[in-house]
Amino acid sequence: MHLSRLGADLVVQAPAKLNLFFEVLAKRADGYHEIETLVTPIGLFDTLYFREDRSGRVGLVCELASGLWGRSGAGLGDVPEGEANLVVQAVESLRRRAGVDRGARLRLIKRIPAAAGLGGGSSDAAAALVAANAGWGLGWSRAKLALVAAELGSDVPLFLHRGPVICRGRGERVEPVPQPRALHFVVVRPPAGLSTAEVYRVCQPPAKARQLDPLLHALVRGDLAVVGRSLFNRLQTAAGQVSPWIERLRQAFARTSCLGHQMTGSGTCYFGLCHHARHARRVASELEACGVGIAFAVPSTR
């Protein structure tokens, strides 16, 4: 999450994320699931522009970026407008909690596809909290903003941090972890998305949970081979029962030279860990030729 100023606007670069590890521990009484996940932000960003509106109104304009997802940006999926968008909900929640009547003119440039497991909507909401906090001069700490973020969605608090994090509870308890070196990935967005609620409905918590430590220790050491072997996502089996694209992607990635591969979040995006940026670009070209979706190479970010 990077905040800067451009003329009268505050500009926030809101990153996508990949789940390198995702375990579902139990179903909670509140309807959510208890999880443990290791997440890294990646170099695919939405851009949010914030300008204070002294009339007190909150307005949002969304634009789909062309390029990677086609000339019209249609491959990004549906982007909610108005109060249905988490950006507007975030700004409204913050001003209610802060007891202010300040307004905002917001412009969101979308590059992160929806229903893909990349956390675009959650990242945009976190960006809105960061921008409004700065633009209105509230001076709230990230810890205080995280309380509002957790009310907006389980993934929102993690985007208030830079670099990889471990998320526990329903995702709202966030612990930063060190990452000595950048990681390089190839990511594929297939033609169809997935419903997070449907994937969780199918997923069954295991009798014995997978342990995060092997992956975490390998990540800190920078041992790519072990990181690749330790990638894990409990939701992948459930997602495979909902969408045929998950198995098709798994088979396509199994034919590549990636160090490891899996689905991110609740899908449908699928990724592989590569040796370096050149390797990631080469594998992306191979996967695009297979017809499994749009493939791109991307690094982790801090």
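The values are calculated or read from the model by the stated rules, or taken from the named source; none is laboratory data. Given the structure is predicted, the values throughout are model-derived calculations rather than measurements. In this analysis, Cβ positions are derived from the backbone assuming ideal geometry, glycine residues included, and neighbour counts consider all displayed protein chains. Surface areas here come from the heavy atoms of the whole protein model, side chains and all, with no ligands, DNA or RNA. Shrake-Rupley method; radii C 1.70, N 1.55, O 1.52, S 1.80 Å.
Below is a table of values for the structure above.
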{"quantity": "Charge sum, other residues only, whose C-beta stays under 9 Å from residue 35's C-beta, Lys/Arg counted +1 and Asp/Glu -1", "calculated": "0"}
{"quantity": "Ordering of 145-151, 107-113 by burial proxy (mean other Cβ atoms within 10 Å per residue, highest first)", "calculated": "107-113, 145-151"}
{"quantity": "Inverse of mean 1/r across different Cα pairs in segment 98-201, Kirkwood, Å", "calculated": "15.7 Å"}
{"quantity": "Order by protection proxy (mean Cβ within 10 Å, highest first), peptides 189-195, 202-208", "calculated": "189-195, 202-208"}
{"quantity": "For segment 149-204: rounded, prolate or oblate by the Cα gyration tensor [a/c cutoff 1.5]", "calculated": "oblate"}
{"quantity": "Diffusion constant of segment 240-297 at 4 °C, which comes from Stokes-Einstein with the Kirkwood Cα-pair radius and 1.567 mPa s, µm²/s", "calculated": "113 µm²/s"}
{"quantity": "Two-decimal Rg/Rh across the chain, once Rg and the Kirkwood Rh are taken from alpha-carbon atoms", "calculated": "0.96"}
{"quantity": "Those lysines that a straight Cα-Cα span of less than 28 Å connects to residue 144, excepting residues fewer than 8 apart in one chain", "calculated": "17, 27, 110"}
{"quantity": "Built amide H within the under 5 Å cut-off of residue 260, gap 5+", "calculated": "273"}
{"quantity": "Part-to-part distance (alpha-carbon centres) for segment 143-219 and segment 110-125, which is given in Å", "calculated": "13 Å"}
{"quantity": "For segment 20-152, diffusion coefficient by Stokes-Einstein and Kirkwood Rh (Cα), 4 °C, 1.567 mPa s, µm²/s", "calculated": "80 µm²/s"}
{"quantity": "Cα-based helix-to-principal-axis angle, 142-152 vs the chain, degrees rounded to 10", "calculated": "80 degrees"}
{"quantity": "Burial ranking of peptide ranges 263-269, 88-94 (average Cβ count within 10 Å, highest at the top)", "calculated": "263-269, 88-94"}
{"quantity": "Accessible surface, per residue, of segment 189-302 when the full set of protein chains is kept, probe 1.4 Å, Å²", "calculated": "47 Å²"}
{"quantity": "C-alpha long axis of helix 86-98 to longest principal axis of the chain, angle in °", "calculated": "50 degrees"}
{"quantity": "Amide H within-cut-off set for residue 2, under 5 Å, with H built and near neighbours excluded", "calculated": "13"}
{"quantity": "Kirkwood estimate for segment 1-50, i.e. one over the average of 1/r between Cα atoms, Å", "calculated": "13.3 Å"}
